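Since the structure comes first, as structure tokens, the remarks are kept for the end.
The values are calculated or read from the model by the stated rules, or taken from the named source; none is laboratory data. Values in this document were obtained by computation on a predicted structure and should not be read as measured data. Backbone-built Cβ (ideal geometry, glycine too); neighbour counts: all protein chains shown. What goes into the accessible areas is simple: the full protein's heavy atoms, side chains included, and nothing from ligands, DNA or RNA. Shrake-Rupley method; radii C 1.70, N 1.55, O 1.52, S 1.80 Å.
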Amino acid sequence: MNKKLGFLGFGVLFGFALSRVGASEYDLIVGMFIGQDYKLAWVIVTAIIVGFAGMQVLKKFSRPVASGEPLKISYKELKRWSIPGAAIFGIGWGISGACPGTVLTQVGEGKIYGLFTMAGMICGTYIYARLKESRPDL
Amino acid sequence: MIAAILRSIFVEPWPFWAGGVVIGMLVPLLYYYFNTALGVSTGYGNLVKIILPSKNLQWIKAKFAETWSWRVFFIIGIVLGGLISSIFSGNFGFTAEMGRFTSIAQWPAPANAVYFFVGGSLIGLGARIAGGCTSGHSIHGIANLHFSSIAVTIFFLIGGIIAANTVQSLFLGGAW
């Protein structure tokens, strides 16, 4: 499968599922944080369980990767600033009621302020790139 | 029968488990087809390069050699997925609403725009420092039982709980 076309298709499926389940709703995300509505937490928990089960099945295959190369699971190291970074991310998540995936779904649905959240995410990534010039440990 | 199934897929809101199953299946499917981890936020580095191609930043140059990589196509796909979903369900439309934030706070539009831009900036910066976002860490990482992703996700949630409750009490009248 062509990787770019494949990711375009899986992206459509991802965005469709996020939108249908309501993950692009400000109220649903914020509702989870203020203890009002835990639907989104259950979506995430279900996704983790299904993802875990799927990975176990995949590892049983004689060819876990279609191309025949060995399965290479990416591990994200915990670095010195990972935890403060996670807290910064969380604060932004609670303010905007969106994350890097769901904001794209908001934009697709026509939510104008989603565009501002998305522009902010690009800006935040740019700020990281600037900081990284002088702080390689970030 | 078929009409009812199509209706529950395209029109009715999904129950939590339907979203969880489809999103969770992406983790093994992306490994099977592409030997690649699910993740969205790294692709915002591609968007920085597309928007500011003349900026000479080491991290962008080293990590995003291919400007229009699969990550950009994934991002475009997610936008299209939201568009398709909202068209079929009849919810598509350009709207300046953002749930109870815009309905209760009643700020002027530029203030709302700054508010969401600031929130987004913290997400973009935090995701890069933490090494991933909700999809890469919280779903892909925890599904693979990675300790770092569990630790990071706990702090995603702590930050979200603090920020959402602060916004709630400062601007949204406290009560839900």
With springs only between Cα atoms under 10 Å, which of A:Gln106, A:Gln56, A:Gln36 fluctuates most in a Gaussian network model of chain A?
-> A:Gln56
List the aspartates and glutamates whose Cα lies under 12 Å from the Cα of A:Lys79, skipping any in the same chain that are fewer than 8 positions away.
-> A:Asp137
Rg(Cα)/(2.2 N^0.38 Å) for the stretch B:1-94, N = residue count | 1.41
Zone reached by a paramagnetic label modelled 7 Å from B:Gln58 Cα along Cα→Cβ, restricted to the stretch A:100-138 with backbone N below 15 Å, covers A:128-138
Starting from the exponent 0.38 and prefactor 2.2 Å, build the expected Rg for the stretch B:96-176 from its residue count and divide its actual Cα Rg by it.
-> 1.30
Accessible-area loss of at least 50 Å² in the complex relative to the chain alone (1.4 Å probe) applies, within the stretch A:5-26, to A:Phe7, A:Leu8, A:Phe10, A:Val12, A:Phe14, A:Phe16, A:Ala17, A:Arg20, A:Tyr26
So, relative contact order of chain B in percent, Cα under 8 Å, 6 or more apart, is 25
Compute the Rg/Rh shape ratio of chain A: radius of gyration over Kirkwood radius, all on alpha-carbon atoms.
-> 1.00
Cα pair count fraction exceeding 21 Å, expressed as % - chain B | 64
Percent of Cα-Cα distances greater than 31 Å, calculated over the protein assembly as shown = 25
Taking Cα atoms of the stretch A:73-138, Rg/Rh with Kirkwood Rh, to two decimals?
-> 1.03
Of the listed pairs A:Lys39/A:Lys60; A:Lys3/A:Lys59; A:Lys72/B:Lys55; A:Lys3/A:Lys111; A:Lys4/A:Lys111, which have alpha-carbon separations greater than 23 Å here?
-> A:Lys39/A:Lys60; A:Lys72/B:Lys55; A:Lys3/A:Lys111; A:Lys4/A:Lys111
Nitroxide proxy distance, nm - points 7 Å out along Cα→Cβ at B:Ala111 and A:Val57 = 5.1
Residue span B:Ile104 to B:Ile51: 0.36 nm per residue of separation minus Cα-Cα distance leaves a gain in nm of 15.7 nm
When ligands, DNA and RNA are left out and all protein chains stay put, how many square angstrom of accessible area per residue does chain A have with a 1.4 Å probe?
-> 42
Under a 10 Å cutoff between Cα atoms, tell me which one of B:Ser41, B:Ser149, B:Ser54 has the largest fluctuation in the Gaussian network model of chain B.
-> B:Ser54
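Once B and A are treated as a pair rather than alone, how much accessible area drops out, both sides summed, in Å² to 100, probe 1.4 Å?
10100
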